[in-house]
1. In this structure, does Ile44 turn out to be within 13 Å of the ligand (Cβ to nearest atom), modelled with pLDDT of 95 or more, hydrophobic (A, V, I, L, M, F, W, C) and under 21 Å from Ser263 (Cα atoms)?
2. So Gly209 ticks every box in (1) more than 19 Å from Met21 (Cα to Cα); (2) away from the ligand (no atom under 16 Å from the Cβ); (3) surrounded by fewer than 16 Cβ atoms within 10 Å (Cβ to Cβ) but one. Which box is left unticked?
3. So, of the residues in the stretch 51-76 that are within 12 Å of the ligand (Cβ to nearest atom) and of a type in the set (A, V, I, L, M, F, W, C), which turns out to be farthest from Phe215 (Cα to Cα)?
4. If you take the residues in the stretch 246-271 that are outside any loop (DSSP other than H, G, I, E, B) and near the ligand (Cβ under 9 Å from one of its atoms), which one is surrounded by the most Cβ atoms within 10 Å (Cβ to Cβ)?
5. Given the conditions (1) assigned to a loop (DSSP other than H, G, I, E, B); (2) buried (at least 19 other Cβ atoms within 10 Å of the Cβ), which single one is not true for Val86?
6. Out of Ala290, Ala265, Ala246, Ala272, report the one residue that is in contact with a Lys or Arg (Cβ under 9 Å, 6 or more places away or on another chain) and not β-branched (Val, Ile, Thr).
7. Check off (1) surrounded by fewer than 17 Cβ atoms within 10 Å (Cβ to Cβ); (2) within 30 Å of Asp41 (Cβ to Cβ); (3) not small (Gly, Ala, Ser) for Pro101 and give me the number that stays unchecked.
8. In the stretch 133-155, which residues are assigned to a loop (DSSP other than H, G, I, E, B) and in contact with a Lys or Arg (Cβ under 9 Å, 6 or more places away or on another chain)?
Amino acid sequence: MVENTLGGSFATTGGPSFVRMGYGAMQLAGPRVWGPPADRDGAIAVLRTAVEAGVNHIDTADFYGPHAINEIIRAALAPYGDDLHVVTKVGSVRDENGGWPHARSPQQLREQVESNLRTLGVEALDVVNLRVGGGPDGHSPVAGSLAEPFDALAKLRQEGKIKHLGVSVVDEEQVREAQSIAPIVTVQNWYNVAHRGDETLIASLNEQGISYVPFWPLGGFNPLQSGVLDDVAAELSQSPGAVALAWLLHQSANILLIPGTSSVAHLQENLAAASVELTEDALTKLNGIAA
Ligand SMILES: NC(=O)c1ccc[n+]([C@@H]2O[C@H](COP(=O)([O-])OP(=O)(O)OC[C@H]3O[C@@H](n4cnc5c(N)ncnc54)[C@H](OP(=O)(O)O)[C@@H]3O)[C@@H](O)[C@H]2O)c1
C-alpha cells in the first residue's frame, strides 16, 4: 500500500490500483437522478477538483441522467489520464417515468456498454459493474443466478470493449458465481456505519485482492442518523460524515470510498476525512452502532 493523504491506495489483482478516496457522480444529476446537473459549471468544477486533489476513481452509470452524468464526466475530464479509472455499471435503464427497470439480456447489456462507450468517449470501458439485485428496497441482493448476464459482459470484455469487471448489489454466492465466469476487480454494495452485513465478504475479497466499494457511505438519500455517531463526532471535533467515512477506511484495506456530492466544499470535506484519526474508544462506540 502506498500512503497518501487520500487514505493510501489499493492495488487490485490484475486490475487498477485505486486511490482509496474516490468520488461518486450520481448526485450531480437533477432531482431523482433525472436530467442534467442544475449547475453544469459547478458539476465540472467538482469533478476537476477531485482529480486535481489526487482522486483516480470516479463512479458513474449511463442511467444517471440518463446519459447526462457520463457526458459531464467526459466534458470535465477527457482526455482521461492513464491513471484515472471511471467505473460504470449496467443492468438497468431508465423508463419514461424516471423508473429504473432491469435490463439484463445479452442484447440489452451490449447496448448499455455501447452507450457508455459513446457517452464517456472511450474505446474501452475501464471497469463495468453488473448491477444485479433489487428486492423490496431496491438496493439489496436477491438470490439467484447471474450467469447469463455476467457471461454476456465477459464476452464483451473478450471483445475489448471492457477492461475489467465487477458486480454490484450481490450476495457471496453471486460473487463466487461471477468469479467462476471471469475475474472481477470490485464489488459494490450498500454498506456504511449503520448498514452492515458484508464483513465476511469484505475480508474474503481483501484476501483475493478485490476491492469493496460501499455505496451510500453517508447514507445516500437518507443521511446517516445516529446519536452515537453524532456524539463521537463531537468528541473528535469532526462532522458525523467525516467520522463515518474514516470508519469505513478503517474497516479493511480493500474498502474504497465514493461519497457523492454536488459541492466543491463538501468534496473537500470528504477528502479530508481520510486524515481523521479514530481513537480506540471512538471505534468501540462506532462498531456498536449496528452490532
Ligand atoms: N451500485 C448501486 O446500486 C449504487 C446505488 C447508489 C449509489 N451508488 C454510487 O455510490 C455513490 C455514493 O452514493 P450517494 O452519492 O448516493 O450517497 P452518499 O455518498 O452516501 O451521500 C451523498 C449525499 O450526502 C451529501 N453530502 C456529501 N458530502 C457532504 C458533506 N461533506 N456535508 C454534508 N452533506 C454532504 C450530498 O449532498 P450535497 O450534494 O449537498 O453535498 C448527498 O445528498 C453514488 O454517487 C453512486 O456513484 C451506487
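The values are calculated or read from the model by the stated rules, or taken from the named source; none is laboratory data. Please read these numbers as outputs of a predicted model, since none were measured by experiment. Cβ sites come from the backbone with ideal geometry, for glycine too, and all protein chains shown count toward neighbours.
1. Values: within 13 Å of the ligand (Cβ to nearest atom): no; modelled with pLDDT of 95 or more: yes; hydrophobic (A, V, I, L, M, F, W, C): yes; under 21 Å from Ser263 (Cα atoms): yes.
In short, no.
2. Checking Gly209 against (1) more than 19 Å from Met21 (Cα to Cα); (2) away from the ligand (no atom under 16 Å from the Cβ); (3) surrounded by fewer than 16 Cβ atoms within 10 Å (Cβ to Cβ), the one that fails is (1).
3. Looking at the filtered set, the residue picked out is Ile73.
4. Restricting attention to the stretch 246-271, the residues satisfying the condition of being outside any loop (DSSP other than H, G, I, E, B) are 246-251, 255, 257, 260, 264-271.
With the extra rule that they be near the ligand (Cβ under 9 Å from one of its atoms), the set shrinks to 257, 260, 265-270.
Numbers: Leu257: 29, Gly260: 21, Ala265: 10, His266: 17, Leu267: 21, Gln268: 14, Glu269: 17, Asn270: 25.
Out of the qualifying residues, it is Leu257.
5. (1)
6. Exactly one residue qualifies, and that residue is Ala290.
7. It fails just one condition, (2).
8. Residues of the stretch 133-155 that are assigned to a loop (DSSP other than H, G, I, E, B), as a first pass: 133, 135-139, 141-146.
Hit for the stretch 133-155 is Leu146, nothing else.
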